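Undergrad: To start, I am sharing the structure in question, which I have written as structure tokens.
The values are calculated or read from the model by the stated rules, or taken from the named source; none is laboratory data. Because the structure is predicted, anything quoted here is derived from the model rather than measured. Please note: Cβ atoms are built from the backbone with ideal geometry, for glycine as well, and neighbour counts cover all protein chains shown.
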Amino acid sequence: MRLHPLLAASLVLGAAHAPASAQDATPPRAPVIDVHVHAGAGRADSPFYEVREGETPDGAFLRSALADLDTNGVVLAIVGGPAVHAERFRAAAPDRFVGAVAFPCTGGLDPNLQQCFEDGSDWPDLAWLRAEADAGRVGAIGELYNVYAGVPVDGPEMAPYLALAAELDLVVLAHADAGPPPEGRTPGCCPNFDGALGDPAHWRSVLERHPDLRLILYHAFRPEYVESAVALLDLYPNVMVETSPMTRVPTPLVHAALARFVEAGHADRIVFGSDYPGAVGGSLAVIQAAPLTDAQKRAILYHNAARFLRVDPEGAEPERP
């Protein structure tokens, strides 16, 4: 994966949180990697930030997102969403963000009814995607909206994109959950919604074709799907899991999923993702409160993703849980 320009990202921490003086010396904040950040169009009425005078909603959204990362010690994040907005985030802080392209869409719109691509398509052009990856602007594909679009991950429509991801070593970000009930979706969203497509078991045949594919299973907290995720972790060393949205899912459910992954011997395969705007701090609190060792928590918040993304700045073997 072409992330070598980001090797310095983890060093941001030292500059951002260094003590001002010997008298004001405090321990530096431990670094965090967030593999699940969403970019999108800003809203003037957003509950997550205030649009300042002379500022556009898009500018307020980006400013707020960067402040949230700063406050919580996030030194590197994967940011996905509509292509133009994901690139806007990445370009604003290229040492901070890995760009990702989200699809497939429905009628040109994502689950939040934002336009996915400037030409109104549901899918990115493969030649364009290759060029973006070659230029270093895209390092991942996803979040993949198969559940929302009703398109199987192991079907023919996805096959060329997953083959390209395997060829270029792009990280694949999978929505691996049944998704929200109708009342939890944006009104007008997703006429082809199919929650059963979120079962991680659908990735088995994909990984049989591409066993080295780098895959992160988003939302791996639902008990019936946790076992499907464990089965993939048992077989494929490049599969990782995260348990967002930790500020919207009952904490005991999240903690039970984390405990199951650890029990199965996969404490080194769990990564941190916040998912929603403004949710970094609350999500960190859920991990910190989990019945895990301090080493396991640090692995989730940094070491596991650093190893997976190959961004450990000193090249040292990370502490293992």
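Undergrad: Counting just the residues of the range 242-256 that are among the hydrophobic types (A, V, I, L, M, F, W, C) and either assigned to a loop (DSSP other than H, G, I, E, B) or touching a residue at least 40 places away in the same chain (Cβ under 8 Å) (or both), which one comes out farthest from Ala295 (Cα to Cα)?
TA: Val249
Undergrad: Could you grab the pairs with beta carbons closer than 6 Å, sequence gap of 6+ or different chains, first residue in the range 29-43 and closer than 22 Å to Ala174 by Cα and free of Cβ contacts under 8 Å to residues at least 60 places away in the same chain, second one of a type outside the set (D, E, K, R) and buried (at least 22 other Cβ atoms within 10 Å of the Cβ)?
TA: Sorted first by the residue in the range 29-43, then by its partner, the pairs are Ala39/Val79; Ala39/Gly81; Ala39/His85; Ala39/Ala86; Ala39/Phe89.
Undergrad: So, restricting to helices (runs of 4 or more DSSP H) that lie completely within the range 77-158, which ones have at least 3 residues that are in contact (Cβ under 8 Å) with a residue 40 or more places away in the chain and either within 20 Å of the chain's Cα centre (by Cα) or closer than 26 Å to Val280 by Cα (or both)?
TA: In the range 77-158, 83-92, 146-149 are the helices (runs of 4 or more DSSP H) which contain 3 or more residues that are in contact (Cβ under 8 Å) with a residue 40 or more places away in the chain and either within 20 Å of the chain's Cα centre (by Cα) or closer than 26 Å to Val280 by Cα (or both).
Undergrad: If you check Asp177 against the conditions, is it of a type in the set (Asp, Glu), closer than 18 Å to Arg204 by Cα and under 20 Å from the mean Cα position of the chain (by Cα)?
TA: Taking the combined requirement at face value, the residue satisfies it.
Undergrad: For the range 82-108, which positions are surrounded by fewer than 20 Cβ atoms within 10 Å (Cβ to Cβ) and closer than 21 Å to Cys189 by Cβ?
TA: The answer is Val84, Gly107, Gly108.
Undergrad: Only residues that are modelled with pLDDT of 95 or more and aliphatic (A, V, I, L, M): list them for the range 25-50, please.
TA: Val32, Ile33, Val35, Val37, Ala39
Undergrad: What are the residues in the range 65-102 that are among the aliphatic types (A, V, I, L, M) and out of contact with any strand residue (DSSP E or B) (no Cβ under 8 Å at 6 or more places or on another chain), if any?
TA: Leu66, Ala67, Val84, Ala91, Ala92, Ala93
Undergrad: Then there's this: For Ala259, work out the one condition from (1) surrounded by 22 or more Cβ atoms within 10 Å (Cβ to Cβ); (2) assigned to a helix (DSSP H, G or I); (3) hydrophobic (A, V, I, L, M, F, W, C) it doesn't fulfil.
TA: Failing condition for Ala259: (1).
Undergrad: Taking the range 166-218 as the search range and keeping residues that are surrounded by fewer than 19 Cβ atoms within 10 Å (Cβ to Cβ) and of a type in the set (Ser, Thr, Tyr), which one is modelled with the lowest pLDDT?
TA: Thr186
Undergrad: Kindly list, by first and then second residue, each pair from a residue in the range 172-188 that is of a type in the set (S, T, N, Q) to a residue that is surrounded by 10 or more Cβ atoms within 10 Å (Cβ to Cβ), limited to pairs with Cβ atoms under 8 Å and residues at least 6 apart or on different chains.
TA: As it stands, the answer is Thr186/Pro111; Thr186/Asn112; Thr186/Leu113, since those pairs meet every condition given.
Undergrad: Just name the residue that is surrounded by the most Cβ atoms within 10 Å (Cβ to Cβ) out of those in the range 296-309 that are free of Cβ contacts under 8 Å to residues at least 60 places away in the same chain and within 14 Å of Leu258 (Cβ to Cβ).
TA: Filtering the range 296-309 for residues that are free of Cβ contacts under 8 Å to residues at least 60 places away in the same chain and within 14 Å of Leu258 (Cβ to Cβ), the one surrounded by the most Cβ atoms within 10 Å (Cβ to Cβ) comes out as Ile300.
Undergrad: Exactly one of these conditions fails for Glu263: (1) under 21 Å from the mean Cα position of the chain (by Cα); (2) free of Cβ contacts under 8 Å to residues at least 60 places away in the same chain. Give me its number.
TA: (1)
Undergrad: Let me ask another. Looking at this structure, is Val280 in contact with a helix residue (DSSP H, G or I) (Cβ under 7 Å, 6 or more places away or on another chain) and without any contact (Cβ under 8 Å) to a residue 60 or more places away in the chain?
TA: Criteria not met by Val280.
Undergrad: Checking Phe221 against (1) more than 17 Å from the chain's Cα centre (by Cα); (2) surrounded by 15 or more Cβ atoms within 10 Å (Cβ to Cβ), which test does it fail?
TA: (1)
Undergrad: Among the residues of the range 54-76, which ones are hydroxyl-bearing (Ser, Thr, Tyr) and in a loop (DSSP other than H, G, I, E, B)?
TA: Of everything in the range 54-76, just one residue is hydroxyl-bearing (Ser, Thr, Tyr) and in a loop (DSSP other than H, G, I, E, B), namely Thr56.
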